[in-house]
Amino acid sequence: MKFYITAASLFAASFFSAQSIKFEELPMSEILAKAGREGKPVFLDAYASWCGPCKMMERNVFVKKEVADFYNENFINAHLDMEKGEGREIARKYQVYSYPTYLFLNANGEVLYRGGGYLEPDDFISLGRRVANPLVKEGNAKERFEKGEKDPEFLKSAVQLFAATDPEFAKKVSERYFANKKDRQLSREELSMLLSYIRSTNDANYKYFFENKAEITKLLPEEVYRQFNEQILISDALAKAINTSDGSINAGVYLKEIAGKVPADEAEAGLARYEMNFYLTSGNFEKFEETALAFFKDGNGFDPADLVQPAMLISEHSNDARSLKTASAWLEKSVMSRETVQNTYALAKIYLKTGKKQEARMFAERALQLAESGNLDTNPVKELLNEL
């Protein structure tokens, strides 16, 4: 009996190991040589021994049969600790700063694609499929584009391929696609590709967007079309009014540029949002507070979720009683609309600051419940409760 148990155990170990991605235990030079001989890209799992998501990938993803089958068929696979041996040199060469990083290389060691972070099995396979795309494997998509390639399927694939890694190139590809599009009917995929690469009225895709409103609004509500167009016009006016030396804005120039193009309240909102962001990033919290209070007023008419961040910032940086009272009212509106960890925590913080400890504890405890039920980080809320 003992013999059969041992044999069964060995079989099970062999079976399950076969389901995992097969990682080559070879120096990198030999892995690249093997990739050249077999005509496959290299998948390199760049990890660190202390990295939690790296261990989760090994335990939960690399061992899935569908994952292993796909990666073993399409790639020469390797994994290296970036803090040991050859891994240190590779980390420097490929500028690996976070873990896990996934490098997809051709046989010359050139990066075809890169990804990272913990991915569920389906997402990890999708990542591999993007790299298995002939455009990536052949590594000549940009060369084909520069030579004037106009095939619509090629252009669509290239946009999807470079959307994350080279958005400026993806934008140029998208513009060629719509410049050569023969029929006016749009698919949802095409609409997404169009809208994703419009930033200004000077963009080539904006002309298509403007001239094909009837087709676009078959897929997009007319109100959404209007709002999108207004945001582009506001962005244009802001760009003409921004001081490039420090990022500040000339309100007079902006209002002159935008006059008559969008409703006055939308124009003022665009200016206020830009100014709040500018004051926030430049650390001028006094001006941020002044602008936010003038813009949001009593909070009525705004999405309650939009009131949380400005209220939190005023709570953290202001000691003005009237400002804190207004920020409290914003958060109360947000909480009454829908309780979240963010707004209950923020309300507890501002109540503590204004001396309402009983209310602060009540909302801090509620924030903790929400964080625990949502499997979110509870440390900030627990630290707040320790202060109460």
Neighbours by Cβ (under 9 Å, 6+ apart or cross-chain): first from region 178-191, among the charged types (D, E, K, R); second exposed (fewer than 12 other Cβ atoms within 10 Å of the Cβ): R184/A214
Residues being within 17 Å of C54 (Cα to Cα) and more than 26 Å from the chain's Cα centre (by Cα): count how many of those fall in region 66-87. 8
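Of everything in region 117-166 that's in a helix (DSSP H, G or I) and of a type in the set (S, T, N, Q), which residue is nearest to Y177 (Cα to Cα)?
First, pick out the residues of region 117-166 that are in a helix (DSSP H, G or I): 121-132, 134-138, 141-146, 152-162.
With of a type in the set (S, T, N, Q) added as a condition, the list becomes 126, 157, 160.
On the way: S126: 24, S157: 11, Q160: 12 Å.
This residue is S157.
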Search region 156-171 for residues that are surrounded by 20 or more Cβ atoms within 10 Å (Cβ to Cβ) and pair each with any residue that is part of a loop (DSSP other than H, G, I, E, B) and among the basic types (K, R) when their beta-carbon atoms are under 6 Å apart and the residues are at least 6 apart or on different chains. none
Looking at region 104-116 only, could you name the residues that are assigned to a loop (DSSP other than H, G, I, E, B), buried (at least 17 other Cβ atoms within 10 Å of the Cβ) and of a type outside the set (G, A, S)? N106
In region 27-64, what residues are surrounded by fewer than 18 Cβ atoms within 10 Å (Cβ to Cβ) and closer than 14 Å to I76 by Cα? P27, S29, E30, A33, K34, G36, R37, E38, G39
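A quick yes/no check of all residues on (1) touching a residue at least 40 places away in the same chain (Cβ under 8 Å); (2) out of contact with any Asp or Glu (no Cβ under 6 Å at 6 or more places or on another chain); (3) assigned to a helix (DSSP H, G or I):
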| residue | (1), (2), (3) |
| --- | --- |
| A78 | yes, no, no |
| E83 | no, yes, no |
| I90 | yes, yes, yes |
| Y102 | yes, yes, no |
What are the residues in region 203-223 that are exposed (fewer than 13 other Cβ atoms within 10 Å of the Cβ) and of a type in the set (A, V, I, L, M, F, W, C), if any? A214
Go through the residues of region 143-154 one by one and say whether even a single one is within 18 Å of N74 (Cα to Cα) and modelled with pLDDT under 90. no
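Results for (1) of a type outside the set (A, V, I, L, M, F, W, C); (2) surrounded by 16 or more Cβ atoms within 10 Å (Cβ to Cβ), shown as yes or no for each residue.
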site: Y254; (1), (2): yes, yes
site: G260; (1), (2): yes, no
site: L313; (1), (2): no, yes
site: A360; (1), (2): no, yes
Looking at (1) touching a residue at least 12 places away in the same chain (Cβ under 8 Å); (2) polar (S, T, N, Q); (3) surrounded by fewer than 17 Cβ atoms within 10 Å (Cβ to Cβ); (4) under 23 Å from Y279 (Cα atoms), which one does N343 not meet, given that it meets all the others? (3)
Could you look through region 123-153, keep only residues that are free of Cβ contacts under 8 Å to residues at least 40 places away in the same chain and within 18 Å of the chain's Cα centre (by Cα), and pick out the one that is farthest from V42 (Cα to Cα)? D123
For V63: the one exception among (1) part of a helix (DSSP H, G or I); (2) over 27 Å from A170 (Cα atoms): (1)
Output the residues belonging to region 164-179 that are over 14 Å from L112 (Cα atoms) and modelled with pLDDT under 95. P167, E168, F169, A170
The residue from F296, F302 that alone is at pLDDT below 95, surrounded by 15 or more Cβ atoms within 10 Å (Cβ to Cβ), hydrophobic (A, V, I, L, M, F, W, C) and under 28 Å from L370 (Cβ atoms) is F302
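Residues checked against (1) under 26 Å from K357 (Cα atoms); (2) among the hydrophobic types (A, V, I, L, M, F, W, C); (3) out of contact with any Gly (no Cβ under 6 Å at 6 or more places or on another chain):
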position	(1), (2), (3)
L280	no, yes, yes
F288	no, yes, yes
G301	no, no, yes
D306	yes, no, yes
L313	yes, yes, yes
A329	yes, yes, yes
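The values are calculated or read from the model by the stated rules, or taken from the named source; none is laboratory data. Quick caveat: nothing in here was measured; it's all calculated off a predicted structure. Backbone-built Cβ (ideal geometry, glycine too); neighbour counts: all protein chains shown.
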